[in-house]
């Protein structure tokens, strides 16, 4: 779909054409040629030969095209590309990659199956361990998990050249979904016991699946009108299409999981009333990190200042990008400043471009090296024309007489001594203020935890930051109440949340067996 | 009602109270069961393309499992809501949301309701009455047609003062006039509760400020999720940023930064007008097509 008139500055447009032709057709034809060279099989290749197979880039929309549409940036491997990429795997007996995976996918084995062309076998192995392979293949930070430990990447002295495990996972998961033959996991005979899952993000959905498989009656309670949590309100369509999340939710429905939208636990049913009067034997709390941090600077309540949560929710969940059709509106900004350096900041900046902003500035206190965002996201943002203002921080937001944003006063920083986290902490340079002319500011500096459960669940223990205190299996201070995901971890990733959901499910199943 | 069953939010009753003010009774058994005075819901008419708007809960019928919503047709969503009929369903009703009103026995409580603000004011006034207070209600509107719920309020309030801008009912005055008299009297009220247009709540607050009477206002800002997740509803109260959805909707009227709030309320007014015009345009087109087919 065509978006706002604005447009993005793709300074590297020429390079994109000549050296970065990432079209599926071209990359596939290169892969086919190589595959033919190998004789159409990867059997019996020596390690040195495997290392010589070029790493397969991800086909993607060109930067100057994609920054004007909401469609997914990455287009996914073809069959040949997947087999060729899988053929790069050395099949290490020690499987270092597996220890880097929070849910311990049998990576070596599913990669081998892909190399052999047994895609059904591969997805089967993945789904034993992971509920959301289409999602994880897209949004997991593989470069700091499985792929960081890959022998191929180490041998080639470049983690970027490790076997592209995430892309392979995505390939087989997408293939299964598009075949329309998604296998519904089997469910044990009914135990008659009820479990309430609060929230419907990655931790909750994973927990719901595993608890349901054990034969318990599972109800998921979600405050929004759609299920998926951060996967539907936060992560934009161009990174994670909503249809994928919907199909995962649909699989759970087919397993018999019940879903209730528009239910805010704490204001209607409470954790205690679910257990004491509504007939639930256990509750899992996967409510996420739901309270945006603001900078606390002057002018932050002006019209045109958003939390990233608000901006992304309007843009994604409420579909504000479909102007004229969606009733939810979003500011029509020409120049946007995004504060922060994480994945959410990149999502907000790239969404702003797609919503028609002409200039998008990313203002970050440290340097690019310290940015918590994934490398890939930073590169995508830069390619699309997001302008980085590094070692800069917002000092105050300037407004006009109608209370609308007209500028952002920034202060320059330099790197000082390393702090507790080992990162060199930025120190402001006095008198270095300058003003960015902007008409919108998006604050993407993280989330605190929503106080509602704390206010309404006596006996549930929280730490000083408002996160629920839970042991490694998700058990909280109240028997029968388990928790996982961002409400326990603070800000984390989809895969870590899933890992917690899975462990909590195992604990819940054990707890119910003993009841 | 089982906690496991999804609700369809069916419209059980639909009534136009005046040209632009409507009353709906909607099946929402859990909201009905858990709601307390002062709380609100977020409703939507379309889960794909709709917006979520906050509406206060005017009443509830426990036998029927319904809540009563009273709203004024101002923007696209309230227009679409007004066009629904009995038997149709809302796409979403999330609630109850917000902190309930702190109801206690104080002595004398004055409740001011302006326009459709009378709807959320009514259950609060009633609860104060039931808690043993003397309750005086001031109802204000532009004209006689726009005064709502007067009989209902007369049924429990100790005194009801009606004000209209044009004098077509009650006193020809702004609500601040009788409010000032009451607060300056020897037998001052112990609390004022004011709910209505932002500008009315601002001037009620300014009216009571010199008298030393405390005032509670109920804010109705723009919201997206209503659970504290987005911060779109934030206002400055006593120099601090507060979220209306979780910290409110009620605040000390003397501490609210009214001008800041009013500019935030207007954030989308231009775009909204366009959406509404577009909708009306489509309606006219549809009507013309129907006509042509005949």
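Before moving on, here are some points about what is shown:
- Using bins of 10 Å that start at zero, the share of Cα-Cα pairs per bin across chain A amounts to 4, 18, 27, 26, 18, 7, 1, 0, in whole %.
- Three-way shape label, the stretch A:180-249, alpha-carbon gyration tensor, a/c 1.5: oblate
- The mean count of C-beta atoms from other chains within 10 Å of the C-beta of residues in A:292-298, rounded to a whole number, is 2.
- Per-peptide packing, taken as the mean over residues of other Cβ atoms within 10 Å, places B:153-159, A:438-444, B:32-38 in the sequence A:438-444, B:32-38, B:153-159 from highest down.
- Each helix, a run of at least 4 DSSP H residues, gives -39500 (n - 2.57); summed and divided by the residues of the protein assembly as shown, these come to -9500 deg cm²/dmol at 222 nm.
- Cβ-Cβ distance of residue B:102 and residue B:48, R₀ of 45 Å, FRET efficiency by 1/(1 + (r/R0)^6): the value works out to about 0.70.
- Percent of beta bridges antiparallel (DSSP, chain B, rounded to nearest 5): 60 percent
- Packing around the peptides A:119-125, A:397-403, B:121-127, A:202-208, taken as the average count of other Cβ atoms within 10 Å per residue, puts them in this order, highest first: A:202-208, B:121-127, A:119-125, A:397-403.
- Rg ratio (alpha-carbon, reference 2.2 N^0.38 Å) - the stretch A:294-445: 1.03
- Taking a ≥ b ≥ c as the square roots of the eigenvalues of the alpha-carbon gyration tensor, the stretch A:19-112 is classed oblate because a/c is 1.5 or more while a/b is no larger than b/c.
- Protection proxy ranking, peptides A:234-246, A:147-159, average beta carbon neighbours within 10 Å, highest first: A:234-246, A:147-159
- Residue A:455/residue B:131 FRET efficiency (R0 30 Å; Cβ-Cβ; nearest 0.05): 0.85
- Gap separating the Cα centres of the stretch A:294-359 and the stretch A:382-461, nearest whole Å: 14 Å
- The stretch A:121-172 versus the stretch B:213-244: alpha-carbon centroid distance in Å: 44 Å
- The mean count of C-beta atoms from other chains within 10 Å of the C-beta of residues in B:229-241, rounded to a whole number, is 5.
- Simple spin-label estimate for residue A:51 and residue A:243 gives 4.2 nm between the two label positions (7 Å along the Cα-to-Cβ direction from each Cα).
- Tensor-based shape of the stretch A:289-379 (alpha-carbon gyration tensor, a/c under 1.5 rounded, otherwise prolate or oblate): prolate
- Per residue of B:262-268, other chain Cβ atoms within 10 Å of the residue Cβ number 5 on average.
- Kirkwood Rh and Cα Rg combined as Rg over Rh, evaluated for the stretch B:22-86: 0.95
- Legend: calculated FRET efficiency, residue A:158 to residue A:473, from the Cβ-Cβ distance at R0 = 41 Å, rounded to 0.05, equals 0.65.
- More than 20 Å apart - percent of Cα-Cα pairs taken over the stretch A:361-515: 66 percent
- Placing dummy labels 7 Å off each Cα toward the beta-carbon, the span from residue B:168 to residue A:277 is 4.5 nm.
- Label zone of residue A:465 (point 7 Å out along Cα→Cβ, amide N under 17 Å): in the stretch A:488-508 this covers A:488-498, A:500.
- Computed from label points 7 Å out along Cα-Cβ, the spacing between residue B:184 and residue B:33 is 5.1 nm.
- Order of A:191, B:207 under a 10 Å beta carbon neighbour criterion, fewest first: A:191, B:207
Every read-out reported here was derived from the displayed coordinates using simple, explicitly stated rules and does not represent laboratory data. Bear in mind the structure is a predicted one, so any value in this text is a computation, not a measurement. Neighbour counts run over all protein chains shown; Cβ positions are idealised from the backbone, glycine included.
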